[in-house]
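Single-structure report; data block below.
The values are calculated or read from the model by the stated rules, or taken from the named source; none is laboratory data. As the structure is a prediction and not an experimental result, all values here were calculated from the model. Cβ placement follows ideal geometry from the backbone for every residue including glycine, while neighbour counts extend to all protein chains displayed.
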Ligand code: SF4
């Protein structure tokens with residue numbers, strides 16, 4: 001498996017990024033805040049209206065280091081990418097499959113299977129780890145409900161029905177999500193998903209985590225030669241990285257949600273890391289983002305065992321491994337796409 | 001009119017990859033997926049040589065040309081010769097601006113030492129075919145020079161060897177035309193393959209995906 005390099009997150013919105021030899025230099029006014037060798041980086045992500053020099057953009061484009069611009073709260077704005085890498089054949093296959101209802105629903109089915117399976121085991125794990133702190137009966141019941149839905153999903157070859165099944169499961173999952181918050185209950189409550197803008201702290205973090213994960217799956221897809229914008233479960237819409245969202249489904253719970261829950265439960269993140277705007281939108285402060293991002297980096301370095309490849313790898317490489325497996329399936333080397341099923 | 005673009009020729013150096021593993025060749029040359037240690041390095045290598053491409057040297061009965069661009073229309077390949085020595089020979093061909101007749105001899109420089117496989121010989125023979133077409137002559141010998149042993153080895157470029165090159169290149173062209181990447185065929189060569197990370201040969205000996213999915217989902 002390939003090596004994992006670091007992602008550089010630039011959190012200060014008044015910073016300026018420039019190229020100096022093989023280094024990226026982060027400046028504020030005329031003061032140099034930091035210097036990082038570019039060959040150590042697999043990507044650069046900036047938050048807020050950070051500036052970047054054309055020379056740096058050129059370097060990034062040429063060397064396949066995606067440079068991504070996000071808003072302060074992690075909403076995607078733009079990205080500098082170079083020539084897309086070879087393999088037109090693979091992309092054409094991807095488009096053909098995306099146009100084919102049957103093939104699309106097969107892939108969509110596996111993405112959703114992964115999502116539901118991984119969420120089910122999150123519930124199971126919580127009942128195992130905190131039996132005295134949660135309503136075990138309710139968790140078990142929901143887990144069994146998920147098992148039944150898994151069978152239905154496995155047998156379903158119709159995209160619309162699949163989306164329906166996914167929706168039903170999501171309702172149950174969201175109802176238990178708040179129960180998995182075991183610390184700082186007064187400050188962190190989850191009453192359902194809100195986005196654009198997120199209306200509470202938990203949602204602010206979930207949105208942020210999802211956009212980071214989408215960036216990672218998108219970059220992984222492009223690294224293996226796939227088009228991140230053409231999906232199977234999510235259909236094309238201008239500017240939407242549909243395939244990255246598809247691939248992300250199976251990782252949402254096990255990766256992003258679990259990460260957010262642990263930040264709260266370990267009290268790494270606290271109420272003071274958020275502010276509320278007049279319109280009700282809840283945002284992370286600069287300090288909050290800093291804590292969040294450095295934990296995110298750490299999480300990416302944790303080792304796991306890949307359930308299908310049976311290889312030890314860092315969490316951060318899982319999106320890449322899945323993208324690779326998806327490409328292998330589309331090329332006809334694997335008869336089916338092996339979803340990341342984590343227990 | 002049939003315009004042929006320069007980039008529609010296959011790279012001659014690909015013969016080595018193809019000989020090593022057809023899938024590796026396809027991943028590099030059809031799909032342009034490569035890892036740092038293969039093509040990019042090779043690219044830089046070629047660049048350096050191309051810079052002094054017109055380098056010519058005259059010794060008493062020899063004309064030495066370095067970094068010469070070559071191609072074959074019949075094989076649809078193009079590439080470079082490290083060195084072509086034009087040796088005076090009354091049975092040779094004329095070169096513009098030179099009074100004598102010459103016999104072209106390709107010399108290929110290799111890092112390392114002579115290999116067990118035959119890829120270097122095949123590459124040399126392919127260069128000879130290109131030179132034969134470009135100079136309208138017969139080439140029956142060439143040299144391989146190995147950096148580690150500092151020795152040049154004479155290679156007889158027989159018709160049989162050239163026939164073999166033609167067969168290989170025909171296959172390469174047909175794969176390229178169909179954009180066909182052969183499936184994984186694992187072997188000891190995978191151990192030293194620079195594309196392992198992309199090819200994932202060990203996937204082929206895993207349990208099938210449906211078995212994996214079933215097993216997990218039933219847990
Ligand atoms: S890993 Fe093995 S099968 Fe794959 S390209 Fe390399 S040599 Fe060929």
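The table below lists the values:
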quantity	calculated
Criterion: within 25 Å of residue B:19 (Cα to Cα) and over 15 Å from the mean Cα position of the chain (by Cα) - qualifying residue of B:109, B:96, B:102, B:145	B:145
Enumeration of residues in segment A:23-44 that are closer than 23 Å to residue A:222 by Cβ and at pLDDT below 85	A:39, A:40, A:41, A:42, A:43
Test: residue in segment B:174-186 that is in contact (Cβ under 8 Å) with a residue 12 or more places away in the chain and away from the ligand (no atom under 15 Å from the Cβ)	yes
Condition check for residue A:102: in contact with a helix residue (DSSP H, G or I) (Cβ under 7 Å, 6 or more places away or on another chain) and either over 23 Å from residue A:293 (Cα atoms) or at pLDDT 85 or above (or both)	no
Matching residues in segment B:129-177 - criterion: being touching a helix residue (DSSP H, G or I) at 6+ places or on another chain (Cβ under 9 Å) and within 14 Å of chain A (Cβ to nearest Cβ)	B:175, B:176
Given (1) within 16 Å of the ligand (Cβ to nearest atom); (2) surrounded by 13 or more Cβ atoms within 10 Å (Cβ to Cβ); (3) in contact (Cβ under 8 Å) with a residue 24 or more places away in the chain, number of the condition residue B:169 does not satisfy	(1)
Within segment A:258-343, helices (runs of 4 or more DSSP H) holding 1 or more residues that are in contact (Cβ under 8 Å) with a residue 60 or more places away in the chain, farther than 20 Å from residue A:121 by Cβ and within 14 Å of another protein chain (Cβ to nearest Cβ)	A:318-330
Residues of segment B:191-215 satisfying the condition of being within 16 Å of the ligand (Cβ to nearest atom) and assigned to a helix (DSSP H, G or I)	B:191, B:192, B:196, B:197, B:198, B:199, B:201, B:202, B:203, B:204, B:205
Check on residue A:119, at pLDDT 90 or above and within 14 Å of chain B (Cβ to nearest Cβ)	yes
Index of the failed condition, residue A:87 passing every other in (1) within 14 Å of chain B (Cβ to nearest Cβ); (2) within 24 Å of the chain's Cα centre (by Cα)	(2)
Selection status of residue B:193, modelled with pLDDT under 90, surrounded by 14 or more Cβ atoms within 10 Å (Cβ to Cβ) and more than 10 Å from every other protein chain (Cβ to nearest Cβ)	yes
Qualifying residue in segment A:42-54 (condition: more than 26 Å from the chain's Cα centre (by Cα) and more than 21 Å from residue A:320 (Cα to Cα))	yes
